[in-house]
Structures are given as structure tokens and as C-alpha cells.
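Taking it in order: structure first as C-alpha cells, then the write-up.
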Amino acid sequence: MNKSTYFAHETAVIDENCQIATGTKIWHFSHIMSNCTIGENCNIGQNVVVSPGVILGKNVKVQNNVSIYTGVICEDDVFLGPSMVFTNVINPRSAVNRKNEYMKTTVKKGASIGANATIVCGNDIGEFSFVGAGAVVVKEIKPYALVVGNPSKQIGWVSEYGHRLNFNDDGLAICPESKEKYQLKNDLVSKIN
């Protein structure tokens, strides 16, 4: 861990045996716990906890007041909105130690999770999907899916730029910003190159 390659605010606490890559910024009152891996050019907001064993890919943006618990993996380009919540035990009890029962949750490349959303452990979040603010995710989210509500429900599809996709009768849509083309087939979206 070479501190000269990343920035950490003086109030941040960084435990031993962390891997923090070049260009990452760690802000006020955040705690980076042992044996976690943080990729290049991540931004760790204020009052964030990154628990032991967590893996963050490149360019992950973690907004203020987020706790990323053991068992969570965030791939490249993930956005975690302010005060969103991960869990890692399906049936927690104060008097029952379940540290050996932590469930894994993977947030795939390019996915965004909105402010105050809750991700119940064991439910992967698909590539470039978008979890709306305040949603409670209780099942796996498909790539490019847009989900909202409690419990979360899929209400549409989004592009890699985060815009709603409107598919025509042939199952084709174009992102209004990037002009990239997408296909909807068998209830799955893919980008057409």
C-alpha cells in the first residue's frame, strides 16, 4: 500500500493490509478496513465504511454514508448513491453469531444504485442496471433493468448512459444521448455493436 498514489483525508482511517490503487480518493471520516481491495480512480465519499474482504473495481463512486459489508463485490464503474444500504446476513440476530454465513452480492459493471436503496444480500445487480432511489432489492436484477419500489419491481430498461430505452415492435431501441443501439430479445437486453 503506497499512500503516495492515492489521497486520503486526514480524518480517514485506513487499516493494515488494504490494497488501494492509484488515483483513488478517500474522504472525511471514512474507514477502510483490513484485507479489502479498492481499484484505480475510485471516489470514497464522507462517512463510508469498506469492510474486510470487500472488492471495489476501477472508477467506483461511493457517495456519503454508505457501508459496504463483507461479501460485497463491486465491478468497474459502479455508482453507489448516498446512504444506500447493503446487507450480508439474511436473518440477523444480535445474540446469534452468523459471521460464517455472510452471503455474497455482486454489483456488476456500470450498475447504479440510487440514494437510500437497500440491497438484500445474495441478490446480484446486473451490468448497467439502475436501482431507483429508495428501492428495496429482494431478487436478482437483470442487465440494463430499471427497478424501483419496495419490494423492487422492474419498470423498464436503461442504456449504458442511464436513459430509458423505448423498444419498437422489432425489439430495437436507441439511446438518446450516445445513439448506441440495443436489442430486447427473450426479456433480456443487449447492446448491438
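Within the range 132-144, being closer than 24 Å to Ala173 by Cα and in contact (Cβ under 8 Å) with a residue 40 or more places away in the chain holds for Lys142, Pro143, Tyr144. Do we find a residue being hydroxyl-bearing (Ser, Thr, Tyr) and free of Cβ contacts under 8 Å to residues at least 40 places away in the same chain anywhere in the range 119-129? Looking for residues that are hydroxyl-bearing (Ser, Thr, Tyr) and free of Cβ contacts under 8 Å to residues at least 40 places away in the same chain, one finds at least one in the range 119-129, hence yes. On the given criteria, is Thr87 at negative phi and in contact with a Pro (Cβ under 8 Å, 6 or more places away or on another chain)? No. Checking each residue in the range 1-45 for being charged (D, E, K, R) and part of a strand (DSSP E or B) picks out only Lys25. Condition check for Lys3 on (1) farther than 14 Å from Ser67 by Cα; (2) at pLDDT 95 or above: one failure, at (2). Taking the conditions exactly as written (under 11 Å from the mean Cα position of the chain (by Cα), at positive phi and surrounded by 17 or more Cβ atoms within 10 Å (Cβ to Cβ)), does Phe128 satisfy them or not? Taking the combined requirement at face value, the residue satisfies it.
State which residue is farthest from the chain's Cα centre (by Cα) when the search covers only the range 147-164 and only residues that are of a type outside the set (Ser, Thr, Tyr) and crowded, with 19+ Cβ neighbours inside 10 Å.
For the range 147-164, the residue satisfying everything is Trp157.
Output the residue which, of all residues in the range 78-110 that are touching a Ser or Thr at 6+ places or on another chain (Cβ under 9 Å) and charged (D, E, K, R), is surrounded by the fewest Cβ atoms within 10 Å (Cβ to Cβ). Step by step, filter the range 78-110, then rank; the result is Lys99. Only residues that are under 14 Å from Thr106 (Cβ atoms) and either hydrophobic (A, V, I, L, M, F, W, C) or under 12 Å from the mean Cα position of the chain (by Cα) (or both): list them for the range 78-95, please. The answer is Val78, Leu80, Phe86.
Suppose we filter Gly39, Gly23, Gly45 for residues that are among the small types (Gly, Ala, Ser), in contact (Cβ under 8 Å) with a residue 12 or more places away in the chain and surrounded by fewer than 16 Cβ atoms within 10 Å (Cβ to Cβ); which single one remains? Give the steps one after another, and end with the answer.
Details: Gly39 fails: surrounded by fewer than 16 Cβ atoms within 10 Å (Cβ to Cβ); Gly45 fails: surrounded by fewer than 16 Cβ atoms within 10 Å (Cβ to Cβ).
Result: Gly23 is the single residue among Gly39, Gly23, Gly45 that is among the small types (Gly, Ala, Ser), in contact (Cβ under 8 Å) with a residue 12 or more places away in the chain and surrounded by fewer than 16 Cβ atoms within 10 Å (Cβ to Cβ).
Which of the residues belonging to the range 81-125 are in a strand (DSSP E or B) and farther than 17 Å from Gly149 by Cα? Listed by number, the residues that qualify are Arg93, Val96, Thr105, Thr106, Val107.
The values are calculated or read from the model by the stated rules, or taken from the named source; none is laboratory data. These numbers were taken from a predicted model, which means no experiment stands behind them. Cβ atoms come from the backbone with ideal geometry, glycine included; neighbour counts cover every protein chain shown.
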